[in-house]
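Quick notes on the structure that follows.
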Amino acid sequence: MKNTEYIKAIEQLYTSNSNKENAYAMAKYMKFNFEYYGIRSPLRKELQRKFIADYGIPDIENILEIIRLLWQKEKRELHYSAMEILEKRINKLDSSIIDFIEYLILNNSWWDSIDFISPKLIGYLFKTYPELIPIYTDKWIESDNFWLQRSAILFQLKYKQDTDFELLKSIILRLNTKEEFFIRKSIGWALREYSKTNPKAVKDFIENNELKPLSVKEGLKFIIKSKYSC
């Protein structure tokens, strides 16, 4: 099957399950940054499973072209499909894929794509190829792009006990002066997730550093909920 035929099959499947009312509501929720078919997440994931069962995952030789073509489409659900398809092949790709993933971060950027790409795609790559970490986290932190900066903060989100907390603290402190909402929120999210593994370390860090109020609020949510004290 040609790459264009593969993409056309996804588009036809989603078009046949589109919902105009949902499409408007979803676009409004996302500040009208994207167009939608109007397929809610549970149904879309069911359709995605059916599609992959019928058409399979693209091979290594074709997958990046297919992902790029999907990423150039206007409908946001196609971007979700692209990310999920890439995740299924990420363990077959080498470290050079990081530049392609950076392209995904920088294009069609919004919190929903970054929050998938960073922990699931970058997180896997950086754990597999740790030599990439200082190169790209430094580059992203020093950039003027807050989506790249958010990605640097969130890539360890699912690492749990494997989290390099010294690195996370360093990244947070380098970005702590930023007023951007998505940076302040991501700092809190990263701290909250790690607090599920090491609440004392997170509590001590928050108490000993002047973080933004939103970051503190988000970072302490699990600690407060679990009534941890030390």
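The values are calculated or read from the model by the stated rules, or taken from the named source; none is laboratory data. Small disclaimer: the values here were computed from a predicted structure and weren't measured. Please note: Cβ atoms are built from the backbone with ideal geometry, for glycine as well, and neighbour counts cover all protein chains shown. Just so you know, the surface numbers come from the protein's heavy atoms only, side chains and all, with ligands and any DNA or RNA stripped out. Shrake-Rupley method; radii C 1.70, N 1.55, O 1.52, S 1.80 Å.
Numbers at a glance
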quantity: Residue under evaluation SER151, criteria (1) more than 18 Å from the chain's Cα centre (by Cα); (2) open to solvent by less than 70 Å² (accessible area, probe 1.4 Å); (3) of a type in the set (Ser, Thr, Tyr), criterion not met; calculated: (1)
quantity: Every pair of residues 6+ apart whose Cβ atoms lie under 9 Å, when the first sits in the range 26-49 and is within 15 Å of SER113 (Cα to Cα) while the second is acidic (Asp, Glu) and exposed (fewer than 15 other Cβ atoms within 10 Å of the Cβ); calculated: PHE34/GLU74; GLU35/GLU74
quantity: Options LYS200, LYS160, LYS225: the member that is loosely packed, with under 15 Cβ neighbours inside 10 Å, free of Cβ contacts under 8 Å to residues at least 60 places away in the same chain and on the phi > 0 side of the Ramachandran plot; calculated: LYS160
quantity: Selection within the range 179-196 - over 17 Å from ILE224 (Cα atoms) and surrounded by fewer than 15 Cβ atoms within 10 Å (Cβ to Cβ); calculated: GLU179, GLU180, PHE181
quantity: Residue match in the range 204-221 (condition: in a helix (DSSP H, G or I), open to solvent by less than 60 Å² (accessible area, probe 1.4 Å), closer than 26 Å to ASP94 by Cα and in contact (Cβ under 8 Å) with a residue 24 or more places away in the chain); calculated: no
quantity: Complete set of residues in the range 167-178 that are out of contact with any Leu (no Cβ under 8 Å at 6 or more places or on another chain) and open to solvent by 10 Å² or more (accessible area, probe 1.4 Å); calculated: LEU167, LYS169, SER170, LEU173, ARG174, THR177, LYS178
quantity: Some residue of the range 22-39 being part of a helix (DSSP H, G or I), open to solvent by less than 90 Å² (accessible area, probe 1.4 Å) and among the basic types (Lys, Arg); calculated: no
quantity: Test: residue in the range 151-172 that is over 24 Å from PHE205 (Cβ atoms) and at pLDDT 95 or above; calculated: no
quantity: Count - residues of the range 10-21 that are surrounded by 14 or more Cβ atoms within 10 Å (Cβ to Cβ) and part of a helix (DSSP H, G or I); calculated: 4
quantity: Any chance PHE51 is within 20 Å of the chain's Cα centre (by Cα), modelled with pLDDT of 95 or more and either surrounded by 15 or more Cβ atoms within 10 Å (Cβ to Cβ) or part of a loop (DSSP other than H, G, I, E, B) (or both); calculated: no
quantity: Listing of helices (runs of 4 or more DSSP H) fully contained in the range 67-182 that carry 2 or more residues being charged (D, E, K, R) and closer than 30 Å to GLU46 by Cβ; calculated: 76-89, 111-116
quantity: Neighbours by Cβ (under 7 Å, 6+ apart or cross-chain): first from the range 59-72, over 12 Å from MET83 (Cβ atoms); second loosely packed, with under 13 Cβ neighbours inside 10 Å; calculated: ILE60/LYS92
quantity: Any hit, the range 66-85, residues being surrounded by 21 or more Cβ atoms within 10 Å (Cβ to Cβ), β-branched (Val, Ile, Thr), closer than 23 Å to GLU179 by Cα and under 16 Å from the mean Cα position of the chain (by Cα); calculated: no
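Residue by residue, here is whether (1) open to solvent by 10 Å² or more (accessible area, probe 1.4 Å); (2) within 27 Å of THR177 (Cβ to Cβ); (3) not aliphatic (A, V, I, L, M) holds:
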site	(1), (2), (3)
ARG89	yes, no, yes
SER96	yes, no, yes
ILE105	no, yes, no
SER109	yes, yes, yes
ILE114	no, yes, no
PRO134	yes, yes, yes
THR137	no, yes, yes
SER143	yes, yes, yes
